[in-house]
Every structure is written in C-alpha cells, then in structure tokens.
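Structure record follows, encoded as structure tokens.
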Amino acid sequence: MLYWKLAWQSIVKNKLEYLPFMLAGTAAVALNLVIQLLIYSKGVQTLRASSSVIELLMFGQVVIGLLSVIFLLYTYSFLNKRKQSEFGLFSILGMQKRDLIKISWRQQLINYMIVTVIGLVTGVLFSKLLLLLFIKLVGGNNFQLNIALGAIIFVMIFFALGFMLLLLSDIWVVWRLKTISLLQASQKGEREPKSHWLLFGLGILLLAWGYYISLTVDSPLKAMTMFFLAVIMVVIATYLLFIVASTIVLKTMKGHTNYYYQTDHFITVSNMLFRMRQNATGLASISLLTTMALVVIVTTVSMLVGQQDYVNKQFPRDIIMTNVANKSISENKVKQAAADNDVALSKMYHMEISNPITGYLTSSGHAMPLSGTAVTRADNLSDFLFMTIQQFNQLTNQHCETLAANEVYAYDRQGTFKNNTIKFLNQSYHVKKHLSKIDGVPSMQASMTHSMIIVIPSKTVTDKIGSAFNDLGENKQSISYTNQLLFDIKGSDKQKDKFLKTFKGEQNITVDSKSETMSVLKSFYGGFFFIGLIFSISFIMATGLIIYYKQISEGRSDKKQFDILQKVGMSHSEVKRTVKSQVVWVFGLPIVVAIAHLCFAMPMMIKILQLFGVTVGPVVYTTMGLTIAGVVLIYFGIYLKTSKTYFKQVARKY
Amino acid sequence: MTLLKVEHLKKEYRGKFKNNTVTALADVNFEVEAGEFIAIMGESGSGKSTLLNCIATLDKPTTGTIMLNDEDLTNLSDKTLASYRRDHLGFVFQDFNLLDTMSVRDNIYLPLVLAKRTKDKSEKLHRLAEQLGIQDLLNKYPYELSGGQMQRVAIGRALITNPDILLGDEPTGALDSKNAAEILSLFRKYNESNQTILMVTHSALAASCAKRVLFIKDGMVFHQIYRGNRNDQEMLITINDATTNLFGGAM
Ligand SMILES: Nc1ncnc2c1ncn2[C@@H]1O[C@H](COP(=O)(O)OP(=O)(O)O)[C@@H](O)[C@H]1O
Ligand SMILES: [Mg+2]
C-alpha cells in the first residue's frame, strides 16, 4: 500500500510533466484505435477499392504506431529527469533499488490504465466522426461502424508493450542510479558558444542552392530527380544554420551595445545565446517536422482537389470506347444498344490518334529510336503520338488549317519543347506552331516520361517513320492508330451499367467510364488525404508538445536565474515580457523557417504534381494559406499556455 | 540622520494548517543612522534572514513598519516594489547569486540596465572594478571565478546604483577565512566612504568589523554593542562574551 501511495504521490507532485504526457498518450491511443476501427469497419470493407484503401490504412497504422512509441519515449524522457532526482532522494532515505522498481511498475501501471481507458473511450467517440469524414472523402456510402473487439485488444496490447518499454527505461535509470549524482551541482556553467563563420557560409550556400534548384527547375521530370537533392541540401542547411547562425546573430546583437544594454534585449539575448546551443538541433528538427506536415497537407489536398480536374482531362466525355485494331466503332451499334437500355447519349465524336512510340529527343530537336546499347539519361526519353491535321481540324472545329508536307504542329504536355524544327530519322519538319493544348484529346495516364503530340499533314509521315521507333526487330510495321468514340451519357446507374456491359465481350473494344475511374481515384486520393491529414495533425501536435516540454523543463532550471533577476529589481511585468520574448523565439523561429521552406518548395512541388496530372490552382494556394494559418494558430495556443506556465514557475511572490 | 527605522516588526509564517504558524519575528525595533555599519547576529533560525528580506522588500511583514528615508516600505505597491529595490537597495547574498549566462561585466551592469540608467555605466564600472580588484575579470563568466572573486563581483553589482543601504545576508558564509577577511575589509572601506551597511551574520569574527552589533533572539532585538573605540581584537572578545551570555555559547 505504501508503494501505491508513493507512486501516486509522485505522479501528482509532477503533474506539470505528467499531464501533457498523459494527454499525448491518450491522443496516441485514440488515434491508433481510430485507424484500427476504420480498417475493421463495414463501411471501408464495402468500398469499391477497399483493398487498396485498407492497404493505405495499414501503412498509416504502421507509421502512426511507430511515431506513437517514439513520441511516448521522448515525452517520457522529460519525466525521467524528474524521476531521477526523486529516486535519488528516496535512496538517500534508505530505499533499495528493488523498492524503487516496485514504485516504478506501479506508476507505469497507473499511467497505462489512465491512458488506455481515456484513450479508448475518446477513440471510440471520435471514430464515428472520423469514419463519416473518411467515407465521405473516399466516396463510399456505407457509414456503418462496428466496434471490433480485435481492434481494441490490438491497441491495448500495443500500448502495454509501449509502457513496458517505459518501465524498462525506469529500471535502467534505477540501475545506474548513484546517490552521488544527486549531490552534484545540477547547473554547471557553460562557455559562451563560438561563432563558426565557415559553417555559417556553408549553411547559407546550401540553403541558397537548394532554394535555387527549386525556383529554377523547369521540367517536371527534372523536378522529380532534383527534388531529393534539394531536400537533402535544405535539411543540412537547416541544421547548420540553426546551430551556427543563431549564435552569430545573437553575438552580433550583443556587439551593438546600444541595442544590447536595453532592459528588453539584455536578458533575452544573453539567455538565448546559451539556450540556442542546447536547443539548436531540437529546433531544427521541429522546423523540419513542421515543414513535412505542411508539405504533406498541401500535396494531399492538391491531389484530392486535382483529381477531378485530372479525370476531366483524361475524359473529355463520360465514356471512351477504344478500338485498338484501328477499326472505326460503329456509331449505329452503340446508339442501338443505348436505345435498348434506355440511356441517352450526346455530344458523340470520333477520334483517331496513333499509339505512342518512344525515342530519344536531343536538345537540337532530333528524335531518334532507342538503341539497345546507348545509355542515355531518362530525361531525354520522350513519347510521341501522331494525329492528322484533318483530325485536328475536326476536334477544334477549324476546317481551314492546313499543313505542307514538311510542316507539323507540336504539342508538348510538359511545355519544355521549344525548337523550330523536329527531326524524325533523317527527315526534318518545320514546327509551324507550338500548341498549348488540343481540346478533346484525352490526356494520358500520368507517367514519368516526357510526351508530345505531333499534328502531321497526313499518315504518310508515320508510314515513313514506320516501325523504326517501335521495335528494334526486322519486321517493318507502320505506326498503328487507335480509333476512339467519345460521348456523354444520361440515365440511372443501373441502366448505364447494363449498357456498358453489352460491350464487355466485344473483340478489340475497351470501354472506360469517367465515373468509375473517378470513384477509384477518389477512394485512393481520399484515403491518401485522410492519412496525410492525420499524419500532419499528429506531427504538429507532437512538435507543439515537444516545445512545451522543453520550455517547462527550462523554466525549472531558469527559476534560480529569474529569482536573482527579481531580487536585483526586475518587476513582474518585465519578467513576463522577457519570458514571452524568449518563448516566442522558440516557437516562432521553427514555424517561420518551415513556412519559408514550404514557399520555396512550392515551385518544385507544383512541377511534380503536374507529373501526376494535377494542375495546381487557387484551391491549393487557399489550402496552403489556411494550413499555415491553422498551424500558426495551434502553435500560438501552445505558446500562450507555455509562457503562462513558464511565468508561473519563475515569478517571485514579491 | 536616521536612514532606516524598523518599528514593531512582526512576521509570522502560516503553515498549511491553521494552528501551524511560526513566528519568525515577534517585535523588532531598531534604527540605523546614515553611514553606519551594523551587524545583526543570532542563532540559526532566529529570523535574521527574515528580517533582512523584509527590509529588502523581498518578503512582506505581518505587521509593523519599515521606514527608509521616511518612506514606508510595507506600503509600497507590488508594481513599485521592483523599481524601489533597484533604485535604493543593494544586496549581497551568501551564495553570490550571479547570473551564469552573463559575463562579469554584464552581471555588474544588470541593475543599471534594469533601471534604464545606462548613461555613464562604463565609468562607474571601471571605478568599482578598480576598487574591488576585479579589472581583469570583467570578460570572464561566473563559473570561471573563485568564491571570493564572485562575492566581489556581487558587491560591484550591489553598489553600482549607489544604493541608500547595502544589505548583506551572511556575505562571508560561503568563503574561507582569507577571502572572508578580504570581503570584510572591502565593506569597511566602503563604509569609511560613507556607505551605510546592514549585514546579517552568525560569525563573531565578521561581526567584529561592524560599528554596532545587534543581537536577535526569540524574534526580538535583545542586546546591542557599540564599538566605541575598541579595536578589532577587543570587539571580538566583547561579542564572544555577549553570545556566551545570551545563547550559552552554542553558536
Ligand atoms: N518561507 C517560510 N515559510 C515558513 N517558515 C519559514 C519560512 N522562512 C523562514 N521560516 C522560518 O522562520 C524562522 C526564521 O528563519 P530565518 O529567518 O531563515 O532564520 P536565520 O536566517 O536566522 O537562520 C525559522 O524557524 C524558519 O523555519
Ligand atoms: Mg539565514
């Protein structure tokens, strides 16, 4: 009973540390339970793309699970420091290591019980809400949630293991406990950090370089490969600059005596100089985590919003019928089937376009076949599709445009080809016009390769090119064309389904429907967005909590310092101001850096999103703005709470 | 001229439970003339620190008045307390209380910066540093100093604002005898140039440097000794006699 009492008392006494720890633990339990319940829910299992959605959720579960444990350990490390001195005291009073462990496991059991019980209850409550959101996002219509016992047991066991780890860390502490360490002075003086100008220069260089890459990258393909390079440079630069630049800036401030010897700056600058050294890596990590959260939100939102746009581009009409054997699809037959199934078709048109061929495109505009031995960079690869001017005129309703035998129009989807001539094999063609779009042509599936549509005077051009590009074999074949029939459709879902089924068995004909593609993509991007949202929210909450803990533990060690300052004549309002300006730096700096990173990453992210067929529009910028505002707001809340607690810790009564 | 006047000072500490009050000071009365050097002696737990903290406005008395320059310190509002403290009072503590994050120079400037009186701070600093013998330490940090050096820096910080009175709570308590003697001779030197000093100590040797010694017991001033024209040796013997009589020599 004594042990239980001691265990409980220590929790109550250190509630400043325990409360946020338990809050974090509760949130982690709830989050894990929500994902588990989603995986088990009927609503998700009956989705059209249920297997890929569940896979996505599983992935989310793994990441969130890992993060929960890491975070639990991290927040607990602050508690551990407190415990260490407490245990030191107990052992001076004559307790043995065995007794301390007896207290420890009771404490962990109490922690575990509180955290899981509250976490499970909130998790169940929230999962209903989140299931609604999730099903809405992935486009399902079954909102049934079943509280699966398996999910609850999984979460309980998972966290039992987590708290076991904490207990192990306790035992480790007790094991190494020496009463001497308690008697050692806790605060040892530290030398003022030095300015490292060389590292500072390197940091600036890397940062500028990383930003420069992002700002100047012109093709989406390059963006993809350069992205990682830029990220690595910016990450290194962030750490370097947080560590060295902060010292340099603060020392410069200190050098300006007029500025430095003012009440508001004096204490803050001299404190920060020491604080930054301990906190630089932590702050750099926090700002990178925040950047990550922001990037995840912006990309997933862009994809969610962009998917509609993407599908619309891929489907100029509701239905695309394709005959791969290049035989015209009989309109009459289709109309007959429509009449049989009571669906109305409209805005029908034919389109003939070549299958893509792949080759190298040199910077001088020479397209060459792939040869087995040549090893060329992937960004020289290009797909070419051909379309006659006749077809082009039909699509654009301009019957007047003509091309001479050696003239072509070029349409580059990525917009990087700007040459005046393009050469296929040995034949040069004058590019009469660079088109920025061709209406009515379904855009291709998102792919990594550069691709162009060449509008040619007649099929003789493609006949000449022949099979040279397609295969390296002996048989010469002409480039093949496909015939497509595109139209809108009206009717009930059932009728549409029946109508589409009539073509299922037809030879060489494939039918693609916009709504079906849309619903598959929606469940994918919707799920992606949901997971992204949960990730980023937990990232942000986690970083906020980390800062809170850092500040609280600093407040404890700063107590003596502020006590001296007040004895020497610092007033309460001055203490408050100093605390605020110190804390605002610690909160503000990472978020400002994160926002800067995000802004500079945007050009590159936009290019990469293009690769996935997503064009970035105003919605994305609005989301970006809202996300930033949201993050700032969350941080501001934690900031207010932190500076208040900090002030309470350090303020004297008189 | 009377600089400080303490009348019927009473301080009770209330415990968590109502009946659990500790009377640290029962009824303290005494006056300090400008230019005096006073030592207050008493057993551990006799309320010396409590008395000094009340005078220093670091604690509020339960009843009674403390007049400094005809101003009642117990009536000061919370807002003016801090500024009063830094404009009129100087402190030296047993454990020095220097800021680890600041150089010696900045530690001494601290009260001036807080009071926004940084005008000719460097002249003041250099004059003090020379008197205290810490010219070569100005760019060092507290952890690089010995105890005696730290206490000298603390004296510099206490005196840079030209306080009406210098208060010391066992200023030699954490020092060896050589350093303690040096600090006491500095006190004496400043007192000779008219600095009023009020020091709390339980060391007879330290008290023997003062011009007057007050003895505190049972929360009251029990006895006092004027130096008159005694030399240090004679003063020490007188103090020791008095403590044996008052406290049974248990100090
Ligand atoms: N903050 C406090 N709360 C309760 N009691 C206190 C407090 N400060 C001092 N006391 C009590 O008041 C008495 C006088 O203490 P103090 O002035 O520190 O003595 P001295 O400095 O002479 O050793 C002691 O009995 C002490 O326990
Ligand atoms: Mg004392």
Which residues, counting only those in region A:354-378, are in a loop (DSSP other than H, G, I, E, B) and modelled with pLDDT of 75 or more?
-> A:ASN355, A:PRO356, A:THR362, A:SER363, A:SER364, A:GLY365
Take region B:68-83 and flag every residue that is more than 8 Å from every other protein chain (Cβ to nearest Cβ) and either in contact with a helix residue (DSSP H, G or I) (Cβ under 9 Å, 6 or more places away or on another chain) or under 20 Å from B:GLU31 (Cα atoms) (or both).
-> B:LEU68, B:ASN69, B:ASP70, B:GLU71, B:ASP72, B:LEU73, B:THR74, B:ASN75, B:LEU76
Output the number of residues of region B:190-211 satisfying the condition of being open to solvent by 20 Å² or more (accessible area, probe 1.4 Å) and within 14 Å of ligand 1 (Cβ to nearest atom).
-> 2
Take region B:141-189 and flag every residue that is in contact with a strand residue (DSSP E or B) (Cβ under 8 Å, 6 or more places away or on another chain), away from chain A (no Cβ under 14 Å) and surrounded by fewer than 20 Cβ atoms within 10 Å (Cβ to Cβ).
-> B:GLY173, B:ARG188
B:ILE134 passes all but one of the listed conditions (1) crowded, with 17+ Cβ neighbours inside 10 Å; (2) without any contact (Cβ under 8 Å) to a residue 40 or more places away in the chain; (3) within 12 Å of another protein chain (Cβ to nearest Cβ); the exception is number (3)
Is there a residue in region B:51-60 that is closer than 25 Å to B:LEU186 by Cα, surrounded by fewer than 16 Cβ atoms within 10 Å (Cβ to Cβ), within 16 Å of ligand 2 (Cβ to nearest atom) and touching a residue at least 40 places away in the same chain (Cβ under 8 Å)?
-> no
Enumerate the pairs (first residue in region A:553-578 and within 11 Å of another protein chain (Cβ to nearest Cβ); second residue anywhere and among the polar types (S, T, N, Q)) with beta-carbon separation below 6 Å, excluding pairs fewer than 6 apart on the same chain, so at least 6 apart or on different chains.
-> A:ILE564/B:ASN97; A:THR578/A:THR268
Any residue at all in region A:252-270 that is in a helix (DSSP H, G or I), in contact (Cβ under 8 Å) with a residue 12 or more places away in the chain and within 30 Å of A:SER382 (Cα to Cα)?
-> no
Go through region A:513-536 and count every residue that is open to solvent by 70 Å² or more (accessible area, probe 1.4 Å) and either in contact with a strand residue (DSSP E or B) (Cβ under 8 Å, 6 or more places away or on another chain) or assigned by TED's automatic domain parsing to the domain that holds A:ALA28 (or both).
-> 0
Sole residue being at pLDDT below 80 and of a type in the set (A, V, I, L, M, F, W, C), chosen from A:LEU73, A:LEU37, A:LEU109, A:LEU93 | A:LEU93
Residue satisfying condition, being within 16 Å of ligand 1 (Cβ to nearest atom) and open to solvent by 10 Å² or more (accessible area, probe 1.4 Å), within set B:PHE91, B:PHE96 = B:PHE91
State all residues of region A:222-237 that are surrounded by 22 or more Cβ atoms within 10 Å (Cβ to Cβ) and either outside any helix (DSSP H, G or I) or over 19 Å from the mean Cα position of the chain (by Cα) (or both); if no residue qualifies, say none.
-> A:ALA237
Run A:VAL631 past the list (1) over 30 Å from A:GLU17 (Cβ atoms); (2) within 16 Å of the chain's Cα centre (by Cα); (3) part of a helix (DSSP H, G or I) and report the number of the one that doesn't hold.
-> (1)
Answer with yes or no whether A:SER77 is over 30 Å from A:LEU289 (Cβ atoms) and open to solvent by 20 Å² or more (accessible area, probe 1.4 Å).
-> no
Tell me, yes or no, whether region B:25-34 has at least one residue that is under 17 Å from B:THR196 (Cα atoms), among the hydrophobic types (A, V, I, L, M, F, W, C) and within 14 Å of ligand 2 (Cβ to nearest atom).
-> no
A:PHE636: passes all of (1) open to solvent by 10 Å² or more (accessible area, probe 1.4 Å); (2) more than 30 Å from A:ARG556 (Cβ to Cβ) but (2)
Considering region B:84-111 alone, what residues qualify as being more than 18 Å from the chain's Cα centre (by Cα) and either more than 7 Å from every other protein chain (Cβ to nearest Cβ) or under 22 Å from A:LYS653 (Cα atoms) (or both)?
-> B:LEU99, B:SER103, B:VAL104, B:ARG105, B:ASN107, B:LEU110
Within region B:61-82, which residues are of a type outside the set (Asp, Glu), over 19 Å from the mean Cα position of the chain (by Cα) and open to solvent by 50 Å² or more (accessible area, probe 1.4 Å)?
-> B:THR62, B:THR63, B:ASN75, B:SER77, B:LYS79, B:THR80
Just checking, how many residues over region B:158-213 are acidic (Asp, Glu) and either within 16 Å of ligand 2 (Cβ to nearest atom) or under 22 Å from B:ILE237 (Cα atoms) (or both)?
-> 4
Just need a number here: residues in region B:102-131 that are under 23 Å from A:LYS560 (Cβ atoms), part of a helix (DSSP H, G or I) and in contact (Cβ under 8 Å) with a residue 24 or more places away in the chain.
-> 9
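The values are calculated or read from the model by the stated rules, or taken from the named source; none is laboratory data. All figures in this text were calculated on a predicted structure; none of them were measured in a lab. Here the Cβ is made from the backbone with ideal geometry for all residues, glycine too, and neighbour counts use every protein chain on show. For accessibility, only protein heavy atoms count, side chains too; no ligands or nucleic acids. Shrake-Rupley method; radii C 1.70, N 1.55, O 1.52, S 1.80 Å.
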